[in-house]
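This report refers to the structure that appears directly beneath it.
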Amino acid sequence: MALVQAATVVPPAATPPAPSPLDPAALPSPLPVDASTVPGTPASTAVKLREVDTRMTVPVLVNGKGPYRFIVDSGATRTVISRTLAAQLGLPSAGSVPLHSVGGESNVPAVHIDSLYVGALPAKELVAPVLDEANLGGLGILGIDTLKGKKVVIDLVHHAMSVEPADKYVQPAQPNEIVVTARSRLGQLVLADADVAGQKVYAIVDTGSMVTLGNLTLRDKLVRRKRAEPQQVTITDVTGRKIVASYAPINDLRLGDFHMRNVVVAFDDAHAFDRFGLSRKPAMLLGMDMMQAFSRVSIDFARRKVRLTRPEDPDTGPAIHLDTGG
């Protein structure tokens, strides 16, 4: 699992996300939810959040009950459910299963879900790892095991997300749209046409992460070019492990023909890079901080296409700040 989150993230002024009217931690029982609602709990799939959570959720039915808010995480290999919701629904134990997070691999408790239903898509039976809600930042996470063969659409203007059937054929690029072809590694889509300050990089779109995380291979290449001066920041993953990462300002991140200026990237030799076979190649997990630079993002896992719609102002980019305290 990619499972990364971050400190303070400030979205671009051009398309600020709407504030969440509800705090999911205050919801002891299932309530009708809207796909545009954002979890208010200050946690994500790794580093503790300070102020703003830019991840988005979709309503999910579990064994016919709900809907419940689940975070869509295109960087996670497995769908995860919170301990609170699993107990509330009385889900039967499925023993323990391996879980890959930023800090490494571990065995965690799991439950059996007879039916997990998202939108108009067919229901799915699965075994889901169980983790604390405080670390997840929501009642659950939809991973690649659920998203495989489907399409995730993120509307950054209206702050909404949906999981839909994949396109039947590859559509031509629309005006103001970038279409980037990806390769598949363990279900994740790796963008081939990307670079950081002129350095070619393998980029994975990670919708469950609050912050963009680069590996140490990328950091070292940028430092040698004197493009970055890393500072330290502490990261906690979903299993409670703490690792000391570094972060640095980057003057240019290119995806296709779109450039983002003056962004901040955290760096660590995270377990996810090793699992994807990218630890020795310059690579990064593109978090929701970077996605704020676009008005719409579509990730088609079946067609292996990522479509990025540029905002009206092509120079708009994310203003990102990491809070290293506490």
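Highlighted here are the strands (runs of 3 or more DSSP E) found entirely within the range 156-222 that include at least 2 residues which are of a type in the set (Ser, Thr, Tyr) and touching a residue at least 60 places away in the same chain (Cβ under 8 Å): 177-185.
Can we say Leu121 is touching a residue at least 24 places away in the same chain (Cβ under 8 Å), surrounded by fewer than 16 Cβ atoms within 10 Å (Cβ to Cβ) and under 26 Å from Lys151 (Cβ atoms)? Answer is yes for this residue. In the range 299-311, the residues that are among the polar types (S, T, N, Q) reach residues that are open to solvent by 20 Å² or more (accessible area, probe 1.4 Å) and in a strand (DSSP E or B) with C-beta atoms within less than 6 angstrom, at least six apart or across chains, in these pairs: Thr309/Glu177; Thr309/Arg296. Before we move on, is Ala293 under 24 Å from Val152 (Cα atoms), surrounded by 23 or more Cβ atoms within 10 Å (Cβ to Cβ) and either among the acidic types (Asp, Glu) or modelled with pLDDT under 85 (or both)? So Ala293 does not fit the description; no. Selection over the range 262-290 of residues that are closer than 22 Å to Val180 by Cβ, among the small types (Gly, Ala, Ser) and within 17 Å of the chain's Cα centre (by Cα) gives a count of 3.
Whenever a residue of the range 73-85 is under 17 Å from Ile299 (Cβ atoms), its partners that are open to solvent by less than 10 Å² (accessible area, probe 1.4 Å) and modelled with pLDDT of 95 or more, lying with C-beta atoms within less than 8 angstrom and at least six residues away or across chains, give the pairs Thr79/Leu116; Thr79/Ala128. Among the residues here, Asp114 qualifies as modelled with pLDDT of 95 or more and of a type in the set (Asp, Glu).
Scanning for something under 19 Å from the mean Cα position of the chain (by Cα) and surrounded by 20 or more Cβ atoms within 10 Å (Cβ to Cβ), does the range 164-175 turn up at least one residue? No; the residues of the range 164-175 include none that is under 19 Å from the mean Cα position of the chain (by Cα) and surrounded by 20 or more Cβ atoms within 10 Å (Cβ to Cβ). When Gly214 is tested against (1) open to solvent by 10 Å² or more (accessible area, probe 1.4 Å); (2) at pLDDT 85 or above; (3) under 17 Å from the mean Cα position of the chain (by Cα); (4) small (Gly, Ala, Ser), just one condition goes unmet, and that condition is (1). Every condition in (1) part of a strand (DSSP E or B); (2) at pLDDT below 80; (3) over 24 Å from Ile71 (Cβ atoms) is met by Lys226 except one, and the failing one is (1). Restricting Pro165, Pro172 to those that are at pLDDT 85 or above and of a type outside the set (Val, Ile, Thr) reduces the list to Pro165. Taking Pro67 as the residue in question, decide whether it is under 30 Å from Ala245 (Cα atoms) and free of Cβ contacts under 8 Å to residues at least 40 places away in the same chain. Taking the combined requirement at face value, the residue does not satisfy it.
The values are calculated or read from the model by the stated rules, or taken from the named source; none is laboratory data. If you're wondering where the values come from, they're calculated on a predicted model, not measured in any experiment. Don't worry about glycine lacking a Cβ; one is built from the backbone with ideal geometry, like all the others, and counts go over all protein chains shown. SASA here: full protein model, heavy atoms, side chains in, ligands and nucleic acids out. Shrake-Rupley method; radii C 1.70, N 1.55, O 1.52, S 1.80 Å.
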